[in-house]
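So the structure is just underneath, and the comments pick up after that.
The values are calculated or read from the model by the stated rules, or taken from the named source; none is laboratory data. In this text, all values refer to a predicted model and were calculated from it rather than measured experimentally. A quick note on method: Cβ atoms are made from the backbone with ideal geometry, for glycine too, and the neighbour counts reach across all protein chains shown. These area figures cover heavy atoms from the full protein model, side chains too; ligands, DNA and RNA do not enter into them. Shrake-Rupley method; radii C 1.70, N 1.55, O 1.52, S 1.80 Å.
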Amino acid sequence: MSDLGKRIAQAADIVTVALDELLPRAEGPESRLTEAMRYAALGPGKRLRPFFALETGKMFDLPERPVLRAACALECIHAYSLVHDDLPAMDDDDMRRGRPTVHVQYDDGHVRSELVRKLAIASGARGMCGGQMIDLLGVRDDLGAVARMQRLKTGALIAFAFEIPLIIGRAKEAERAALMGFAQDLGLAYQIVDDILDAEGDEATLGKAAGKDAAKGKANYVTLLGLDAAKERVELLAAQTKAHLDIFGDRADHLRESVDFVLDRRN
């Protein structure tokens with residue numbers, strides 16, 4: 001494992017321990033619900049969104065605890081977004097990350113207010129849930145509509161990972177603009193890679209069913225651009241994503257390295 005891979009794994013361990021402490025224990029008559037909550041939030045995953053928040057917090061020399069707490073909330077929202085995606089009314093998936101999905105296994109001071117407000121936006125109708133609604137309604141031959149759907153559905157929560165330290169650290173506007181550009185381009189590249197893997201990957205590698213979009217006639221970057229053009233778009237976005245970090249100099253080295261790591265979905 002690369003040094004960056006180890007750093008991401010260490011962050012994931014920190015987040016998992018924190019989530020384990022924060023989430024209610026499966027006790028009492030409501031235990032089946034809390035079991036399902038813990039199953040969804042504590043399951044396997046790279047914890048990339050919390051990693052981005054923690055790593056960016058270090059760039060601003062912020063204490064880890066407040067960033068970690070907000071990052072855990074972000075990870076919980078991401079976990080529930082996956083639960084939503086897997087439901088029969090959405091993608092109707094039986095497997096997620098190599099194990100049964102939740103519905104198969106089991107039948108939100110000023111800074112805090114701003115964090116809650118931003119997280120609500122990122123996860124609600126103007127963010128993740130809005131993107132899921134567009135996905136549910138379907139888009140066809142409109143690349144702009146596909147881009148909007150994915151910016152909301154996938155990119156909004158990734159962007160919030162960077163909002164956490166920006167809000168807590170009261171970052172300058174130029175720093176905010178740079179990191180938001182980084183987040184938006186990374187989220188888009190991440191989604192195009194996901195579409196590429198759906199087109200040419202296999203279930204064993206993905207940990208979930210492949211070829212779902214084509215089977216359902218859904219439009220995505222591969223169906224609209226073609227496989228080769230989609231791969232070229234990823235390369236362009238990867239370079240553009242890293243360029244956003246020039247303002248931070250070597251403080252952002254780990255975030256720069258993370259771009260290639262995140263886009264190589266074999267990790």
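Only helices enter this figure: runs of n ≥ 4 DSSP H residues, each worth -39500 (n - 2.57), summed and divided by the residues of the chain, yield -22000 deg cm²/dmol at 222 nm to the nearest 500. Just the protein heavy atoms count here, and of the accessible area of the range 226-267 at 1.4 Å, carbon and sulfur take up 48 percent.
Measuring r between the beta carbons of residue 95 and residue 253 and using R0 = 45 Å, the FRET efficiency lands at 0.80.
Stretching residue 31 away from residue 13 to a fully extended chain increases their span by 4.0 nm, per 0.36 nm per residue minus the current alpha-carbon distance. Taking the protein heavy atoms of the range 3-96 in the context of the full set of protein chains, the accessible area attributed to carbon and sulfur is 55 percent at 1.4 Å.
Under 25 °C and 0.890 mPa s, how fast does the range 150-198 diffuse according to Stokes-Einstein, given a Kirkwood radius computed over C-alpha pairs? Answer in µm²/s, whole number. Here the translational diffusion coefficient equals 219 µm²/s.
What residues have an amide H closer than 5 Å to that of residue 96, excluding those fewer than 5 places away on the same chain, when H is modeled at 1.01 Å from N in the peptide plane? So residue 96 has HN proximity to 101. Computed over the range 52-142, the P(r) curve from all C-alpha pair distances, binned at 10 Å from the origin, holds 14, 35, 31, 18, 3 percent per bin. Residues 129, 72, ordered by accessible area of protein heavy atoms at a 1.4 angstrom probe radius and largest first, appear as 129, 72. Across the range 1-101, C-alpha contacts under 8 Å between residues 6 or more apart give a mean separation that, scaled by the residue count, equals a relative contact order of 25 percent. The order of 163, 64 by accessible area, most exposed first and with a 1.4 Å probe, is 64, 163. In order along the range 21-26, the Karplus-derived 3J(HN,Hα) couplings, from 6.51 cos²θ - 1.76 cosθ + 1.60 at θ = phi - 60°, round to 6, 7, 6, x, 6, 7 Hz, and Gly and Pro are given as x. Could you let me know the centre-to-centre spacing of the range 84-129 and the range 131-146, using Cα atoms, in angstrom? Spelled out, the Cα-based centre of one part sits 18 Å from the other.
Averaged per residue, the chain has 49 square angstrom of accessible surface, using a 1.4 angstrom probe with ligands and nucleic acids left out. Ligands, DNA and RNA excluded, the heavy atoms of residue 84 present near 60 Å² of accessible surface to a 1.4 Å solvent probe. Give 58/172; 6/46; 46/231 a once-over and call out the pairs whose C-alpha atoms are over 21 Å from each other. As for pairs spanning more than 21 Å Cα to Cα, those are 46/231.
Ignoring solvent entirely, what values of log10 I(q)/I(0) come out of the Debye formula for the range 1-109 at 0.19 Å⁻¹ when each Cα is a single scatterer? Values, matching the q order: -1.01.
From the largest down, the range 116-169 spans 42, 17, 10 angstrom on the principal axes of its Cα atoms. Surface composition of the range 105-165: carbon plus sulfur atoms hold 52% of the accessible area, using a 1.4 angstrom probe and ignoring ligands, DNA and RNA. Sorting 198, 92, 20, 246 on solvent-accessible area from highest to lowest, probe radius 1.4 Å, gives 246, 92, 20, 198.
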